[in-house]
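Participant: Can you read through this structure? Questions will come right after.
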Ligand code: GLU
């Protein structure tokens, strides 16, 4: 994971990018870097450590310019140091790139570029991609956008990238596969982020880039196409992030703040869903799939890390109340074996971000076998929310702490509501017990 920010417009890009990186530091914090075009040339500043170390290291240097990209890294290839920090500039200085993800065939690409005279300054997989784009760009007279597109066709792995071309400093090129990217739309200005938090004070109009899409962004507009050249009409959505959610609000760190937020986050997760006046639990997102849920032969819960642990609690809840056998699987195990799945199965994918790559791959597999696939995630409009048949959002709010707290308890709250709703619909729970369980559920925020 890592955090990406980009800006093109009429404002000074530096403060927007630095503040944006600070908000994304939860995604990666071993090093940070920024590239800025000042109207004449492009400068790249990179620093081992936190975004504040980068900020200190550029004090007094030229940070002017209305076009730039930034990155806060969580290393996968090459140790955390200044050299391996992003952005990476290609060997001839034509392209500068920030990358979130892993280029799985980078070593092969690196060997091939080496035989063509390329040398590398870092140990990262990302620098190889910058050089590959440049190599393709210099082979024949093509646009930088086409060079990015052609290079990505040669790449295996996961990426969210934002690219600057020093020959064409009038645009940013963004592309994604399995790593999230959101484009914020302002007035003759555009923002890019791994999520929308870097630019919430500037705009609430966003476009979520989909897998295998490339966006070419200039001050005049945004053009999106697929990696195979199909034109895509951008679907503009409104994001709803409360500014307070991304500030520490007097707590010494985000995790502590989020622990204290749990009475509120659980109340929000149950709001309008657990209706104690009428003794009813209604999860609007599941109404259409209730027949499949009630007749499910088996429920398979997939997730990673914390979400997998929430799934373990889901197993107890579903078996107890809905009386449906449950299996809980690590999404990474599930996707790489050959699981038996059929049309009577319901697969529930749990992920805070809604972007967990292994969980997304598990969803694809389950869909291929015709299972009904549901999502439980926290980020509205995320990939998992879009790729599942139906689902329930955990309204936990933005979770920035790396160790999950409020997102976990919100996931368990959703699983409890689902188990009780199905259990009651199947007449497994007596009316008096259901009444009592609803009361208990409602009392949890106060007990916390
Ligand atoms: N694989 C890249 C690196 O190690 C990107 C890691 C990230 O997503 O932060 O630099």
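The values are calculated or read from the model by the stated rules, or taken from the named source; none is laboratory data. Note that the structure is a prediction, hence the values are computed from the model and not measured. Counting neighbours? That spans all protein chains shown, and the Cβs are built from the backbone with ideal geometry, glycine included.
Participant: Among what's in region 123-133 and is within 11 Å of the ligand (Cβ to nearest atom) and part of a helix (DSSP H, G or I), pick the residue that is nearest to the chain's Cα centre (by Cα).
Facilitator: So, considering only residues that are within 11 Å of the ligand (Cβ to nearest atom) and part of a helix (DSSP H, G or I), the one nearest to the chain's Cα centre (by Cα) is 126.
Participant: Which of (1) modelled with pLDDT of 95 or more; (2) within 16 Å of the ligand (Cβ to nearest atom); (3) crowded, with 24+ Cβ neighbours inside 10 Å is the odd one out, the single condition residue 36 does not satisfy?
Facilitator: (2)
Participant: In region 56-89, how many residues are away from the ligand (no atom under 15 Å from the Cβ) and under 21 Å from residue 9 (Cβ atoms)?
Facilitator: First, the residues of region 56-89 that are away from the ligand (no atom under 15 Å from the Cβ): 56-68.
Within this subset, residues satisfying the condition of being under 21 Å from residue 9 (Cβ atoms) are 58, 62-68.
Qualifying residue count, region 56-89: 8.
Participant: Restricting attention to region 26-33, does a residue exist that is closer than 15 Å to residue 172 by Cα, in contact with a helix residue (DSSP H, G or I) (Cβ under 9 Å, 6 or more places away or on another chain), in a strand (DSSP E or B) and at pLDDT 95 or above? Show your work before the answer.
Facilitator: Within region 26-33, the first condition is being closer than 15 Å to residue 172 by Cα, and the residues that meet it are none.
No.
Participant: For residue 18, work out the one condition from (1) assigned to a helix (DSSP H, G or I); (2) more than 22 Å from the chain's Cα centre (by Cα); (3) crowded, with 19+ Cβ neighbours inside 10 Å it doesn't fulfil.
Facilitator: Only one criterion is unmet by residue 18, namely (2).
Participant: For region 239-259, name all the residues that are within 24 Å of the chain's Cα centre (by Cα), at pLDDT 85 or above and surrounded by 12 or more Cβ atoms within 10 Å (Cβ to Cβ).
Facilitator: Scanning region 239-259 gives 239, 254, 255, 256, 257, 258, 259.
Participant: In region 43-86, which residues are touching a residue at least 24 places away in the same chain (Cβ under 8 Å), farther than 22 Å from residue 101 by Cβ, touching a strand residue (DSSP E or B) at 6+ places or on another chain (Cβ under 6 Å) and not in a loop (DSSP other than H, G, I, E, B)?
Facilitator: 67
Participant: Of everything in region 311-358, what is on the phi > 0 side of the Ramachandran plot and surrounded by 14 or more Cβ atoms within 10 Å (Cβ to Cβ)? Give them in sequence order. First the steps, then the outcome.
Facilitator: First, the residues of region 311-358 that are on the phi > 0 side of the Ramachandran plot: 323, 354.
Across region 311-358, the qualifying residue is only 354.
Participant: While we're looking at this one, here's another question. Can you tell which of 122, 126, 143 is modelled with pLDDT of 95 or more, within 19 Å of residue 74 (Cβ to Cβ) and surrounded by fewer than 23 Cβ atoms within 10 Å (Cβ to Cβ)? Can you show your working first?
Facilitator: Working: 126 fails: surrounded by fewer than 23 Cβ atoms within 10 Å (Cβ to Cβ); 143 fails: within 19 Å of residue 74 (Cβ to Cβ).
Every option except 122 fails the conditions.
Participant: Here are some conditions: (1) under 22 Å from residue 194 (Cβ atoms); (2) more than 9 Å from the ligand (Cβ to nearest atom); (3) part of a loop (DSSP other than H, G, I, E, B). Residue 148 meets all but one. Which one does it not meet?
Facilitator: Looking at each condition in turn, residue 148 falls short on (3).
Participant: Here are some conditions: (1) more than 16 Å from the ligand (Cβ to nearest atom); (2) under 20 Å from the mean Cα position of the chain (by Cα). Residue 136 meets all but one. Which one does it not meet?
Facilitator: Among (1) more than 16 Å from the ligand (Cβ to nearest atom); (2) under 20 Å from the mean Cα position of the chain (by Cα), residue 136 violates only (2).
Participant: With (1) more than 29 Å from residue 304 (Cα to Cα); (2) in contact with a helix residue (DSSP H, G or I) (Cβ under 6 Å, 6 or more places away or on another chain) as the list, and residue 433 as the residue in question, which single condition is left unmet?
Facilitator: (2)
Participant: Could you tell me how many of the residues in region 322-347 are closer than 20 Å to residue 408 by Cβ and touching a residue at least 60 places away in the same chain (Cβ under 8 Å)?
Facilitator: 0
Participant: On to the next question. Could you grab me the full set of residues in region 111-122 that are away from the ligand (no atom under 16 Å from the Cβ) and outside any helix (DSSP H, G or I)?
Facilitator: Pass one, region 111-122, residues away from the ligand (no atom under 16 Å from the Cβ): 111-119.
Result: 116, 117, 118, 119.
Participant: Next question, about the same structure. If I filter region 60-93 down to residues being within 18 Å of residue 107 (Cα to Cα) and in contact with a helix residue (DSSP H, G or I) (Cβ under 6 Å, 6 or more places away or on another chain), which single residue comes out as modelled with the lowest pLDDT?
Facilitator: Going through the qualifying residues, I end up with 77.
Participant: Counting residues that are under 21 Å from the mean Cα position of the chain (by Cα), which strands (runs of 3 or more DSSP E) fully inside region 319-424 reach at least 3?
Facilitator: Here the list reads 345-351, 372-377, 390-393.
Participant: Given the condition in contact with a strand residue (DSSP E or B) (Cβ under 6 Å, 6 or more places away or on another chain), farther than 22 Å from residue 47 by Cα and within 11 Å of the ligand (Cβ to nearest atom), answer yes or no: does some residue in region 90-110 qualify?
Facilitator: yes
Participant: Within region 428-447, can one find any residue that is under 17 Å from residue 325 (Cα atoms), outside any loop (DSSP other than H, G, I, E, B) and modelled with pLDDT of 95 or more? If you could, list the steps in order and put the result at the bottom.
Facilitator: Going residue by residue through region 428-447, those that are under 17 Å from residue 325 (Cα atoms) are 428-429.
Those still in the list that are outside any loop (DSSP other than H, G, I, E, B) too: none.
No, the conditions are met nowhere in region 428-447.
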